[in-house]
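Input: a single structure, listed below in structure tokens.
The values are calculated or read from the model by the stated rules, or taken from the named source; none is laboratory data. Everything numeric in this text was worked out from a predicted model, so none of it was measured. Every residue, glycine as well, gets a Cβ built from its backbone with ideal geometry; the counts of neighbours run over all protein chains shown.
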């Protein structure tokens, strides 16, 4: 069993910015010395999350709107009273979505469906430089 760990860094706009990271993750899988296994992604931070979605503009709008309806930014959050940074909703949204994602791969190709892309979502209320830990395990 081989384990490869990489860090991906990118900049986000915040406020439910959805970034398609499928090609970056796929390139790391293709470069790996293993052909079959899993790639695990982990967000280093508590105001962003990962999932898969069809990266289509209107669906992205639907996804962003859903978070606004389910976890609105304009209601009181105790976290905001503690730190005064106004991003309590960001933490709640990120914890609901989750900080990690695992994708199997075979012959250096991720097992994604035709319309399935890997996305990073930044829920914070400001632009950020983000770090994503990518770990490939396989043989």
**Asked** From the list 105, 123, which one is closer than 21 Å to residue 31 by Cβ, touching a helix residue (DSSP H, G or I) at 6+ places or on another chain (Cβ under 6 Å) and surrounded by 15 or more Cβ atoms within 10 Å (Cβ to Cβ)?
**Response** 105
**Asked** Quick one: what pairs do we get from region 80-97, first residue in contact (Cβ under 8 Å) with a residue 24 or more places away in the chain, second part of a helix (DSSP H, G or I), C-beta under 7 Å, 6+ apart or different chains?
**Response** 86/80; 91/79; 93/67
**Request:** Go through the residues of region 37-49 one by one and say whether even a single one is at positive phi and touching a residue at least 12 places away in the same chain (Cβ under 8 Å).
**Result:** yes
**Message:** Contact list please: Cβ distance under 6 Å, first residue in region 53-66 and farther than 26 Å from residue 111 by Cα, second residue not in a strand (DSSP E or B), pairs at least six apart or on different chains.
**Reply:** none
**Scope region 22-32; condition buried (at least 18 other Cβ atoms within 10 Å of the Cβ) and closer than 17 Å to residue 113 by Cα; matching residues** = 25, 26, 29
**Count of region 11-32 residues which are in a loop (DSSP other than H, G, I, E, B) and either out of contact with any strand residue (DSSP E or B) (no Cβ under 6 Å at 6 or more places or on another chain) or modelled with pLDDT under 95 (or both)** = 3
**Prompt:** Among the candidates 37, 88, which residue alone is in contact with a strand residue (DSSP E or B) (Cβ under 6 Å, 6 or more places away or on another chain) and either modelled with pLDDT of 95 or more or under 15 Å from residue 132 (Cβ atoms) (or both)?
**Reply:** 37
**Prompt:** Which one of the conditions (1) free of Cβ contacts under 8 Å to residues at least 40 places away in the same chain; (2) surrounded by 14 or more Cβ atoms within 10 Å (Cβ to Cβ); (3) in contact with a helix residue (DSSP H, G or I) (Cβ under 9 Å, 6 or more places away or on another chain) does residue 75 fail to meet, given that it meets all the rest?
**Reply:** (2)
